[in-house]
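Colleague: Quick one: this structure, given as structure tokens, is what I'll be asking you about.
Just so you know, all these numbers are worked out from the coordinates, no wet-lab data involved. Note that this is a predicted model, so its numbers are computed, not measured. In this analysis, Cβ positions are derived from the backbone assuming ideal geometry, glycine residues included, and neighbour counts consider all displayed protein chains.
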Amino acid sequence: MTVGISDCVVSADPQGVIATHALGSCIAVAIYDPVAGVSGLLHFMLPDSATDPERARTRPYMFADSGIPTFFRMSYELGAVKQRLKVALIGGAQVLGTNDVFQIGKRNHVAARKILWKAGVMVHHEDVGGEDPRTVHMDVSSGRVVISHGGRERELVPAQERKRNV
């Protein structure tokens, strides 16, 4: 299943793989509930729907503030529970370089963190920033997230878990 820009997919299909491509300044929010076997991927483009309220009504996944809550509600409808969710944030690159005055990537990352924090949701994994776009593949049954970035592919694992596995 492919998630386009300003879209999301939530699935409980144990054979499913969810992917999103070309995450530049956009952010992918990946969620996984290991008990319910529910995974999801949201690819949002902008931090704040106040810039275009009409578009937010027709395309809520375009914005962090309208897309993230709607995305989480979809996962709850499939049996996910907020307290069990493993959450990852990927993307938020400065694709125009460090001189990008709009800094959409950074603003998207801050908006996502703020929304999740206010909702009492912990972020478990992050791969954000830099200047290169990313592609994300997520295995629905395991919640495993693989990121292709700068010509390399790697599994997203938090630093604490990497240290334990070394």
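Colleague: Select from the stretch 41-51 the residues that are assigned to a strand (DSSP E or B) and in contact (Cβ under 8 Å) with a residue 60 or more places away in the chain and write down the one among them that is farthest from Leu89 (Cα to Cα). Talk me through it step by step, then tell me what you get.
Modeller: The initial filter retains those residues of the stretch 41-51 that are assigned to a strand (DSSP E or B), namely 41-44, 46.
Imposing the further condition that a residue be in contact (Cβ under 8 Å) with a residue 60 or more places away in the chain reduces the set to 41, 44, 46.
On the way: Leu41: 10, Phe44: 11, Leu46: 14 Å.
It comes out as Leu46.
Colleague: Still on this model: Hey, Gly120 hits all of (1) among the small types (Gly, Ala, Ser); (2) surrounded by 16 or more Cβ atoms within 10 Å (Cβ to Cβ); (3) part of a loop (DSSP other than H, G, I, E, B) but one; which does it fall short on?
Modeller: (2)
Colleague: Name, by its number, the condition in (1) part of a loop (DSSP other than H, G, I, E, B); (2) surrounded by fewer than 19 Cβ atoms within 10 Å (Cβ to Cβ); (3) not aromatic (Phe, Trp, Tyr) that does not hold for Arg113.
Modeller: (1)
Colleague: Hey, does the stretch 12-20 have a residue that's within 11 Å of the chain's Cα centre (by Cα) and of a type in the set (Ser, Thr, Tyr)?
Modeller: There is at least one residue in the stretch 12-20 that is within 11 Å of the chain's Cα centre (by Cα) and of a type in the set (Ser, Thr, Tyr).
Colleague: Mind checking which residues of the stretch 6-49 are aliphatic (A, V, I, L, M) and touching a helix residue (DSSP H, G or I) at 6+ places or on another chain (Cβ under 8 Å)?
Modeller: Step one: list which residues in the stretch 6-49 are aliphatic (A, V, I, L, M), which gives 9-10, 12, 17-19, 22-23, 27-31, 35-36, 38, 41-42, 45-46.
Within the stretch 6-49, Val10, Ile27, Val29, Ile31, Val35, Ala36, Val38, Leu42, Met45, Leu46 qualify.
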